[in-house]
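Below is one structure, written out as C-alpha cells; comments come after it.
Every number in this text was worked out from the coordinates using simple rules, so none of it is lab data. Quantities reported herein were computed from a predicted structural model and do not represent experimental measurements. Neighbour counts run over all protein chains shown; Cβ positions are idealised from the backbone, glycine included.
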Amino acid sequence: MQINVSQQLKASIGSIRNYKVSEIVNIAGSNSMFQGEVRLTRTDRGILVKGTLHTEVEVTCSRCLSLFSYPLVLNIEEEYFPITDVVSGASLPLPEEPGCFTINERHILDLTEVIRQYVLLVIPMKPLCREDCAGLCPSCGRNLNQGPCNCLLQGTESNSSELAKLTLANEVSVNEWKGIE
Ligand SMILES: [Zn+2]
Ligand SMILES: [Zn+2]
C-alpha cells in the first residue's frame, strides 16, 4: 500500500489525513486482505501513521496440523521519515533509530513493510484451530477432532494388536517362501 505524501509533507505540523485501507499484501507466500483505516499526521520530523487494520491469515494448527484462518488485528503506530526534502529536493539525514521507516525520494510512504512486521508480532507462535483441539493420535495419526480412533478404543491393547499384525505378516511371507520351494 503506497501513499503519496508530498502534499502533506508541505503542510504544517499537526495536519491530518485519513486513508481507508483495502489492500492485499503477500505475507510469507500467501496473499491476505487488509482492511481498516489509518490516520497520517504531519510531525516535525516526518509522518506518523496510526490506525487499525484487520485481516485473516492462513495458519497451521500446532496440534492437529490442519489449516485454518486466523483473524488478526494490527494496531499500527509508526513514524516515517522522509529521505528527501519535499521543497528543496536535498537529501535529509535519517534518525539514529535502526530499522526506521522511510518515505522515498518520490515522497511515497509504503505501508507494506510495516504490515509485514506487525503481522509477525501478533501471529501466535503455536496457533490452535480451537482452544480444546484434540490433536492427532500419536500412533495412527488420525485427527481426533473428527472422532476417536481405534487406538483410543483399544487403549493399551494397541501395541499387542500391532504385534499380532506383524507376526501374521511374517507367517504369510514364510508360507510364500515355502510355496516357491
Ligand atoms: Zn487443531
Ligand atoms: Zn490412533
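Just so you know, in the range 37-56 the residues that are within 16 Å of the chain's Cα centre (by Cα) and crowded, with 19+ Cβ neighbours inside 10 Å include one that is farthest from residue 4 (Cα to Cα), and it is 55. Restricting the range 97-143 to residues that are of a type in the set (Ser, Thr, Tyr) and more than 16 Å from ligand 2 (Cβ to nearest atom) leaves a set whose member that is nearest to residue 67 (Cα to Cα) is 118. Check the range 90-109 and report whether any residue there is closer than 30 Å to residue 144 by Cβ and of a type outside the set (Asp, Glu). Scanning the range 90-109 turns up no residue that is closer than 30 Å to residue 144 by Cβ and of a type outside the set (Asp, Glu).
Quick one: in the range 126-150, which of the residues that are under 16 Å from residue 60 (Cβ atoms) and of a type in the set (Lys, Arg) is farthest from ligand 1 (Cβ to nearest atom)? This residue is 126. If the requirement is being exposed (fewer than 13 other Cβ atoms within 10 Å of the Cβ) and within 13 Å of residue 110 (Cα to Cα), which of these qualifies: 4, 75, 31, 18? Going through 4, 75, 31, 18 in turn, just one is exposed (fewer than 13 other Cβ atoms within 10 Å of the Cβ) and within 13 Å of residue 110 (Cα to Cα): 4. Among the residues of the range 49-65, the one identified as over 19 Å from residue 116 (Cβ atoms) and of a type in the set (Lys, Arg) is 63.
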